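Remarks on the structure that follows.
What follows draws every value from the coordinates through simple rules; no lab data is involved. All of these numbers come straight from a predicted model, not from anything done at the bench. Positions of Cβ are backbone-derived with ideal geometry, glycine not excepted, and every protein chain shown enters the neighbour counts.
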Amino acid sequence: MSHSNIDQNRKFLEPAETMEQLKQLQTKMEGELNHLLDSMNSQSKIINDFCTNSMSVCQDPADGSDQSANTGGIFSRWFPARDEVLEKLKKECAQLKKEKLALAVKLTEMESQYVLQSRRLESEESLRKDVNVLKKSKSKLESDLLFWKQKCETAEKKLEKQKRKKAIVKMYFAMKSSIIDKIVPEVNWQLQSIADQDGMQLNLEQVSAPQKVETSTPLLVFCVNATRLGTDVDNSLQYVTNKEKTMVIILHHKDAHALPSQPSDKLLIGPAYQTLAGITDMAFTSTKGLYSCEMNSRGIKTIARFIVQNTSLNDV
């Protein structure tokens, strides 16, 4: 039995199966070794008995003659044969002892590997359980984190809103029409966009009686230029009492190419207009409403500046 045979027997085997095979092989080799030892002892005993009997025959002949000449051939044949057998048995025993020792070493190594692997498997199983627990904990923490993140974002929005200043502005339309109803939301949206950029909350409120507006509150008067400019503006300001906080927005129902080249504040120079906080122009059509043009861009910026300059900002 050689080491290569042992390695071939354990190839492709799991640790537990390999150790079982090695133990069986060890038991088999121990049996063969014991058998050889018994055989060697038996052969040795036979040879010794034979030699003892032969010597006694030579030394004590029954008829008193010397038998050494007759037995010399026997000794010459048996002693060398006995030595060869004994030497062969000793070599086989020595080889078996070596293989037994090698097998015991291999068995010890396999047992150590099995113990290490068992511990590793137990450790891996424990780690798998720990990983599963950690995964569940991670999932719960992520869920909690998302919940609190949303709560924080909501709180930050509320806080940001509370930090913003509020501006209240009144709007008055001397002439109500479907076109005015279409324009108002567009003006409101553009002004709200500017207010958001400046961190201000803007409240635009329509009024039907401008004379009741508080003197500290800015007022936007929308005037449609349908006839003569001066007449239309005068009609729009008929019930306005606090002109110092009032801006007139003159709405021109024209396409961009037909808009007046001179702004209205350069044309309205009479004493009745000098006390106004401002005059600006904007343009619209029935199909487009407020459209993109230089006049409307300038008009929105002028209105926003008027609101900032004439509003006492209060905390929300």
Query raised in the report: Can you sort 156, 32 by how many other beta carbons sit within 10 Å, fewest first?
Result: 156, 32
Query raised in the report: Placing +1 at every Lys and Arg Cβ and -1 at every Asp and Glu Cβ, with all other atoms neutral, what dipole size does the stretch 90-158 have around its Cα centre, in debye to the nearest 20?
Result: 80
Query raised in the report: Tell me, what ³J(HN,Hα) does each residue in the stretch 225-242 have, in order and in whole Hz, if you take phi through Karplus 6.51 cos²θ - 1.76 cosθ + 1.60 with θ = phi - 60° and put x for Gly and Pro?
Result: 7, 9, 10, 8, 4, x, 5, 4, 5, 4, 5, 5, 9, 4, 10, 8, 9, 10
Requested in this report: Return P(r) of the stretch 164-315 (all Cα-Cα pairs; 5 Å bins starting at 0; whole %; ordered from short to long distances).
Outcome: 2, 9, 20, 23, 22, 15, 7, 2, 0
Query raised in the report: How large is ³J(HN,Hα) for each residue in the stretch 279-286, as worked out from phi by the Karplus curve 6.51 cos²θ - 1.76 cosθ + 1.60 (θ = phi - 60°), to whole Hz, x for Gly and Pro?
Result: 9, 9, 10, 9, 10, 7, 9, 5
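Going highest first, how would you order 222-228, 119-125 by mean Cβ packing within 10 Å? Display every interim value, and only then the final one.
Details: 222-228: 16.1, 119-125: 10.0.
The densest-packed peptide leads the list: 222-228, 119-125.
Number of Lys pairs in the stretch 164-315 with C-alpha atoms less than 12 angstrom apart, excluding same-chain neighbours closer than eight positions?
4
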